[in-house]
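J.: This is the structure, below, for whatever I ask next.
The values are calculated or read from the model by the stated rules, or taken from the named source; none is laboratory data. Being a predicted model, the structure only gives us computed values, none of them experimental. Note that each Cβ is placed from the backbone with ideal geometry, even for glycine, and that neighbours are counted across all protein chains shown. All accessible areas refer to the heavy atoms of the entire protein, side chains included, with ligands and DNA or RNA removed. Shrake-Rupley method; radii C 1.70, N 1.55, O 1.52, S 1.80 Å.
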Amino acid sequence: MPTTKHPLPQVVSPEEWEAALNRLLIKEKEHTRARDALSAERRKLPMVKMEKPYVFQGDEGSVSFLDLFAGRRQLIVYHFMFAPDWKAGCDGCSWVADAMTHPAHLHARDTSLVMVSRAPLEKINQYKTRMGWTIPWYSSYGSDFNEDVGATTEEGERHGASVFFRDGNDIYRTYFTGARGVEYLGSHWTYLDLTPFGRQETWEDSPEGWPQTKPYVWNRRHDEYGG
(Lines give C-alpha, C1' and ligand atoms only; values in the text may rest on other atoms or scores of the structure.)
Protein backbone atom coordinates (compact mmCIF):
# COMPACT_ATOMS: atom_id res chain seq x y z
CA MET A 1 0.00 0.00 0.00
CA PRO A 2 1.19 3.60 -0.59
CA THR A 3 3.03 5.07 2.41
CA THR A 4 2.27 8.71 1.53
CA LYS A 5 -0.56 10.73 0.05
CA HIS A 6 1.89 13.01 -1.73
CA PRO A 7 2.71 12.37 -5.40
CA LEU A 8 5.90 10.42 -5.93
CA PRO A 9 8.40 10.49 -8.80
CA GLN A 10 7.77 8.00 -11.57
CA VAL A 11 8.90 4.45 -10.81
CA VAL A 12 10.90 2.97 -13.70
CA SER A 13 13.19 0.06 -14.47
CA PRO A 14 16.88 0.15 -13.40
CA GLU A 15 17.86 0.71 -17.05
CA GLU A 16 15.50 3.68 -17.44
CA TRP A 17 16.67 5.14 -14.12
CA GLU A 18 20.34 4.89 -15.13
CA ALA A 19 19.63 6.53 -18.49
CA ALA A 20 17.78 9.40 -16.80
CA LEU A 21 20.58 9.78 -14.24
CA ASN A 22 23.23 9.94 -16.97
CA ARG A 23 21.30 12.67 -18.79
CA LEU A 24 21.19 14.69 -15.57
CA LEU A 25 24.90 14.11 -14.86
CA ILE A 26 25.75 15.66 -18.22
CA LYS A 27 23.91 18.83 -17.19
CA GLU A 28 25.55 18.78 -13.76
CA LYS A 29 28.98 18.53 -15.36
CA GLU A 30 28.14 21.54 -17.54
CA HIS A 31 27.11 23.40 -14.38
CA THR A 32 30.41 22.48 -12.71
CA ARG A 33 32.42 23.79 -15.68
CA ALA A 34 30.38 27.00 -15.70
CA ARG A 35 31.04 27.43 -11.98
CA ASP A 36 34.77 26.86 -12.56
CA ALA A 37 34.74 29.61 -15.19
CA LEU A 38 32.93 31.94 -12.80
CA SER A 39 35.48 31.23 -10.07
CA ALA A 40 38.28 32.01 -12.53
CA GLU A 41 36.65 35.36 -13.27
CA ARG A 42 36.34 36.00 -9.53
CA ARG A 43 40.07 35.39 -9.04
CA LYS A 44 40.82 38.11 -11.59
CA LEU A 45 38.61 40.79 -10.05
CA PRO A 46 40.26 44.13 -9.25
CA MET A 47 40.85 45.04 -5.59
CA VAL A 48 40.19 48.08 -3.42
CA LYS A 49 42.60 49.12 -0.68
CA MET A 50 41.36 49.28 2.91
CA GLU A 51 42.75 52.48 4.36
CA LYS A 52 41.33 52.75 7.90
CA PRO A 53 43.16 51.31 10.95
CA TYR A 54 40.21 49.29 12.28
CA VAL A 55 40.40 47.84 15.78
CA PHE A 56 38.46 44.73 16.84
CA GLN A 57 37.88 43.00 20.15
CA GLY A 58 38.71 39.32 20.48
CA ASP A 59 39.64 36.79 23.13
CA GLU A 60 43.22 38.07 22.90
CA GLY A 61 42.11 41.66 23.54
CA SER A 62 42.21 44.56 21.09
CA VAL A 63 43.53 43.50 17.69
CA SER A 64 44.16 45.23 14.38
CA PHE A 65 42.66 44.37 11.01
CA LEU A 66 46.03 42.88 10.09
CA ASP A 67 45.88 40.62 13.14
CA LEU A 68 42.73 38.94 11.79
CA PHE A 69 44.86 37.42 9.02
CA ALA A 70 46.94 35.56 11.65
CA GLY A 71 49.97 35.91 9.39
CA ARG A 72 48.25 34.47 6.31
CA ARG A 73 47.81 36.14 2.91
CA GLN A 74 44.04 35.77 2.58
CA LEU A 75 41.16 36.43 4.96
CA ILE A 76 37.49 35.53 4.68
CA VAL A 77 35.21 37.50 7.01
CA TYR A 78 31.68 36.27 7.56
CA HIS A 79 29.54 39.24 8.57
CA PHE A 80 27.39 37.62 11.25
CA MET A 81 24.23 39.61 11.99
CA PHE A 82 24.34 40.40 15.70
CA ALA A 83 23.51 44.01 16.63
CA PRO A 84 24.64 45.41 20.01
CA ASP A 85 21.11 45.40 21.44
CA TRP A 86 20.13 41.91 20.25
CA LYS A 87 19.71 39.13 22.80
CA ALA A 88 21.04 36.47 20.42
CA GLY A 89 22.75 36.14 17.07
CA CYS A 90 20.85 35.78 13.80
CA ASP A 91 19.29 32.33 13.35
CA GLY A 92 20.08 32.29 9.62
CA CYS A 93 23.71 33.23 10.20
CA SER A 94 23.83 30.48 12.79
CA TRP A 95 23.00 27.98 10.04
CA VAL A 96 26.00 29.25 8.08
CA ALA A 97 28.28 29.03 11.12
CA ASP A 98 27.12 25.49 11.86
CA ALA A 99 28.35 24.42 8.42
CA MET A 100 31.73 26.15 8.53
CA THR A 101 34.67 23.96 7.59
CA HIS A 102 37.54 22.88 9.80
CA PRO A 103 40.04 25.78 9.58
CA ALA A 104 43.10 23.56 9.07
CA HIS A 105 42.19 22.98 5.42
CA LEU A 106 41.91 26.73 4.78
CA HIS A 107 45.10 27.44 6.72
CA ALA A 108 46.92 24.99 4.46
CA ARG A 109 46.03 27.32 1.59
CA ASP A 110 47.23 30.49 3.40
CA THR A 111 43.66 31.54 4.24
CA SER A 112 42.05 32.53 7.54
CA LEU A 113 38.31 32.51 8.26
CA VAL A 114 36.74 34.63 11.00
CA MET A 115 33.35 36.05 11.91
CA VAL A 116 32.74 39.69 12.78
CA SER A 117 29.68 41.26 14.44
CA ARG A 118 28.81 44.61 16.00
CA ALA A 119 27.66 43.04 19.28
CA PRO A 120 30.03 43.50 22.24
CA LEU A 121 32.49 40.64 22.74
CA GLU A 122 30.79 39.51 25.96
CA LYS A 123 27.53 38.87 24.09
CA ILE A 124 29.38 37.20 21.23
CA ASN A 125 31.22 34.82 23.56
CA GLN A 126 28.05 33.92 25.44
CA TYR A 127 26.31 32.99 22.20
CA LYS A 128 29.42 31.27 20.84
CA THR A 129 29.55 29.08 23.96
CA ARG A 130 25.84 28.31 23.65
CA MET A 131 26.32 27.21 20.03
CA GLY A 132 29.53 25.27 20.72
CA TRP A 133 31.57 27.03 18.02
CA THR A 134 35.34 27.42 18.01
CA ILE A 135 35.79 29.63 14.95
CA PRO A 136 37.43 33.00 15.75
CA TRP A 137 34.70 35.63 16.24
CA TYR A 138 35.48 39.31 16.72
CA SER A 139 33.50 42.36 17.77
CA SER A 140 33.65 45.48 15.62
CA TYR A 141 31.73 47.45 18.25
CA GLY A 142 32.83 51.08 18.32
CA SER A 143 34.48 51.02 14.88
CA ASP A 144 33.27 51.95 11.40
CA PHE A 145 34.10 48.55 9.95
CA ASN A 146 30.57 47.22 9.54
CA GLU A 147 29.30 50.42 7.99
CA ASP A 148 32.29 50.78 5.67
CA VAL A 149 31.91 47.27 4.24
CA GLY A 150 28.11 47.47 3.98
CA ALA A 151 27.40 44.94 6.74
CA THR A 152 25.42 47.54 8.67
CA THR A 153 23.19 49.99 6.78
CA GLU A 154 20.42 52.42 7.64
CA GLU A 155 18.04 49.47 7.35
CA GLY A 156 19.99 47.45 9.91
CA GLU A 157 22.32 44.46 9.89
CA ARG A 158 23.25 42.65 6.69
CA HIS A 159 24.81 39.22 6.45
CA GLY A 160 27.46 38.33 3.90
CA ALA A 161 31.04 37.27 3.31
CA SER A 162 33.94 39.56 2.41
CA VAL A 163 37.33 38.42 1.13
CA PHE A 164 40.51 40.36 1.87
CA PHE A 165 44.03 39.97 0.52
CA ARG A 166 47.22 41.02 2.30
CA ASP A 167 50.31 42.28 0.49
CA GLY A 168 52.80 42.99 3.24
CA ASN A 169 50.93 45.30 5.62
CA ASP A 170 48.55 46.54 2.92
CA ILE A 171 45.05 45.08 2.96
CA TYR A 172 42.73 44.90 -0.06
CA ARG A 173 39.10 43.86 -0.40
CA THR A 174 38.65 41.49 -3.33
CA TYR A 175 35.10 40.12 -3.10
CA PHE A 176 31.74 40.30 -1.33
CA THR A 177 28.62 38.18 -1.50
CA GLY A 178 25.40 38.45 0.47
CA ALA A 179 21.77 37.32 0.41
CA ARG A 180 21.55 33.84 -1.17
CA GLY A 181 25.22 34.03 -2.12
CA VAL A 182 26.11 32.64 1.30
CA GLU A 183 24.16 29.46 0.56
CA TYR A 184 27.20 28.44 -1.47
CA LEU A 185 29.35 28.31 1.67
CA GLY A 186 29.83 25.20 3.73
CA SER A 187 33.08 23.43 2.78
CA HIS A 188 36.73 24.31 2.40
CA TRP A 189 36.36 24.06 -1.40
CA THR A 190 33.58 26.63 -1.59
CA TYR A 191 35.36 29.03 0.74
CA LEU A 192 38.62 28.80 -1.22
CA ASP A 193 36.71 29.40 -4.45
CA LEU A 194 35.87 32.89 -3.14
CA THR A 195 39.51 33.91 -2.72
CA PRO A 196 41.97 35.43 -5.24
CA PHE A 197 44.26 32.38 -5.00
CA GLY A 198 41.35 29.94 -5.33
CA ARG A 199 42.04 26.27 -4.61
CA GLN A 200 45.60 26.84 -5.81
CA GLU A 201 45.57 23.79 -8.05
CA THR A 202 47.13 23.51 -11.49
CA TRP A 203 43.87 22.87 -13.35
CA GLU A 204 42.50 26.29 -12.40
CA ASP A 205 42.56 29.26 -14.75
CA SER A 206 44.36 31.71 -12.47
CA PRO A 207 46.56 34.78 -13.05
CA GLU A 208 50.16 33.96 -13.91
CA GLY A 209 52.34 33.59 -10.84
CA TRP A 210 49.52 32.58 -8.48
CA PRO A 211 50.57 29.71 -6.14
CA GLN A 212 49.45 26.32 -7.45
CA THR A 213 50.11 22.64 -6.81
CA LYS A 214 48.77 19.47 -8.38
CA PRO A 215 45.30 18.53 -7.09
CA TYR A 216 44.89 15.89 -4.38
CA VAL A 217 48.53 16.10 -3.23
CA TRP A 218 48.31 18.98 -0.73
CA ASN A 219 45.23 18.14 1.32
CA ARG A 220 45.56 16.22 4.58
CA ARG A 221 43.48 15.17 7.54
CA HIS A 222 43.02 18.31 9.60
CA ASP A 223 45.48 17.10 12.26
CA GLU A 224 48.18 16.14 9.75
CA TYR A 225 49.23 19.47 8.26
CA GLY A 226 51.95 20.10 10.80
CA GLY A 227 53.47 23.58 10.73
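J.: Positive end of the dipole of region 107-197, charges at C-beta (+1 Lys, Arg; -1 Asp, Glu), about the Cα centre: which of SER112, GLY178, HIS188 has its Cα farthest in that direction?
T.: HIS188
J.: Test of understanding: in a Gaussian network model of the chain with alpha carbons linked when under 10 Å, which of ARG72, ARG109, ARG35 would top the mean-square fluctuation ranking?
T.: Looking only at ARG72, ARG109, ARG35, the biggest GNM fluctuation is shown by ARG35.
J.: Using DSSP, restrict attention to beta bridges with both residues in the chain and report what percent are antiparallel, rounded to the nearest 5.
T.: Rounded to the nearest five, the antiparallel share is 70 percent.
J.: Quote the FRET efficiency, to the nearest 0.05, computed for GLU51 versus ARG72 with a Förster distance R0 of 25 Å and r equal to the Cβ-Cβ distance.
T.: Result of the calculation: an efficiency of 0.75.
J.: Below 17 Å, Cα to Cα, which aspartates and glutamates can LYS27 reach? Residues fewer than 8 away in the same chain don't count.
T.: GLU18, ASP36
J.: Separate question: From the residues ASN146, HIS31, LEU45, which one has its Cα farthest along the dipole of the chain in the positive direction, the dipole being from +1 and -1 charges on Cβ of Lys/Arg and Asp/Glu about the Cα centre?
T.: Farthest along the dipole direction, towards plus: HIS31.
J.: Compactness ratio of region 101-181: Cα Rg over 2.2 N^0.38 Å, N = residue count?
T.: Details: Rg = 13.8 Å, N = 81, 2.2 N^0.38 = 11.7 Å.
Computed over Cα atoms of region 101-181, the ratio equals 1.18.
J.: Right, something else. Magnitude of the Cβ-charge dipole of region 105-158, K/R +1 and D/E -1, about the Cα centre, nearest 20 debye?
T.: With only Lys, Arg, Asp and Glu charged at Cβ, the dipole is about 420 debye.
J.: For region 44-125, place one equal point scatterer on every Cα, skip the solvent, and apply the Debye formula. What is log10 of I(q)/I(0) at q = 0.15, 0.17 Å⁻¹?
T.: The computed values of log10 I(q)/I(0) come out as -0.65, -0.83.
J.: Quick one: dipole size for the chain, taken about the Cα centre, charges +1 on Lys/Arg Cβ and -1 on Asp/Glu Cβ, in debye to the nearest 20.
T.: 240 debye
J.: Based on the Cα gyration tensor of the chain, what are the three equivalent ellipsoid semi-axes, each the root of five times an eigenvalue, rounded to whole Å and given largest first?
T.: Semi-axis lengths for the chain are 35, 25, 17 Å.
J.: Hey, another quick one. Between TRP17 and ALA83, what is the label-to-label distance in nm when each label sits 7 Å out along the Cα-to-Cβ direction?
T.: 5.1 nm
J.: Also: Quick one: pull the percent of accessible area on the chain belonging to carbon and sulfur, 1.4 Å probe, ligands and nucleic acids left out.
T.: That fraction is 53 percent.
J.: Specify which residue in the list HIS79, THR101, SER13 is farthest towards the positive end of the charge dipole of the chain, using unit charges on the beta carbon of Lys, Arg (+1) and Asp, Glu (-1), about the Cα centre.
T.: Of the listed residues, the answer is SER13.
J.: Counting only heavy atoms of the protein chains, get the accessible area per residue of region 1-120 (1.4 Å probe) and round it to a whole Å² value.
T.: 64 Å²
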